[in-house]
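Asks: Below: one structure in structure tokens.
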Amino acid sequence: MTYGNVSEVKNILEINESTYDAVITSFLGYANVWIETKVHVTLPTDVLSMACDFYAAYLYRSRAEQLSPMSDLQSISKEWKEVANSIISDSLDDQQLDTIYKLYKTNKGLTQIDVETI
């Protein structure tokens, strides 16, 4: 399954032209490879798509920065990479809390887990 959407990446990059669709599609392919190597558990599709969108925007912007003689643009692409990584880590944290809570509910009488301290 492929994640991400060209129109969402174009919104992040603030691009309206369709001439960049092929390039953005190729970067979404790279973002999908990145997501497959980064995530080894099942996460919701919308979370994975959002992470891929931001990572593809990061790749696109990084490429533009490498081709540009200006060097002050790098912080924008780094922020998009951080957003992509935080989307995944936050979702993984939420999934772990859900799993712990389900375990707590299942073993309520046998185990004393204080979910509020987690």
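The values are calculated or read from the model by the stated rules, or taken from the named source; none is laboratory data. Keep in mind that this is a model prediction, so the values were computed, not measured. Cβ sites come from the backbone with ideal geometry, for glycine too, and all protein chains shown count toward neighbours.
Asks: What do you reckon, is Tyr3 more than 22 Å from Ala64 (Cβ to Cβ) and aromatic (Phe, Trp, Tyr)? Steps first, please.
Replies: Numbers: more than 22 Å from Ala64 (Cβ to Cβ): yes; aromatic (Phe, Trp, Tyr): yes.
Considered against the rule, which asks whether it is more than 22 Å from Ala64 (Cβ to Cβ) and aromatic (Phe, Trp, Tyr), Tyr3 comes out as yes.
Asks: If I filter region 47-68 for residues that are over 22 Å from Asp90 (Cβ atoms) and not in a helix (DSSP H, G or I), do I get at least one hit?
Replies: yes
Asks: Of all residues in region 1-26, count the ones that are of a type outside the set (Val, Ile, Thr), in a helix (DSSP H, G or I) and more than 17 Å from Glu82 (Cβ to Cβ). Steps first, answer last, please.
Replies: Residues of region 1-26 that are of a type outside the set (Val, Ile, Thr), as a first pass: 1, 3-5, 7-8, 10-11, 13-14, 16-18, 20-22, 26.
In the following step, the residues that additionally are in a helix (DSSP H, G or I) were identified as 7-8, 10-11, 13, 18, 20-22, 26.
Of the ones still in play, those that are also more than 17 Å from Glu82 (Cβ to Cβ) are 7-8, 10-11, 18, 20-22, 26.
Going through region 1-26 one residue at a time, the tally reaches 9.
Asks: Would you mind stating whether Leu43 is crowded, with 24+ Cβ neighbours inside 10 Å, under 13 Å from the mean Cα position of the chain (by Cα) and either modelled with pLDDT under 90 or outside any helix (DSSP H, G or I) (or both)?
Replies: Numbers: crowded, with 24+ Cβ neighbours inside 10 Å: no; under 13 Å from the mean Cα position of the chain (by Cα): yes; either modelled with pLDDT under 90 or outside any helix (DSSP H, G or I) (or both): yes.
Answer is no for this residue.
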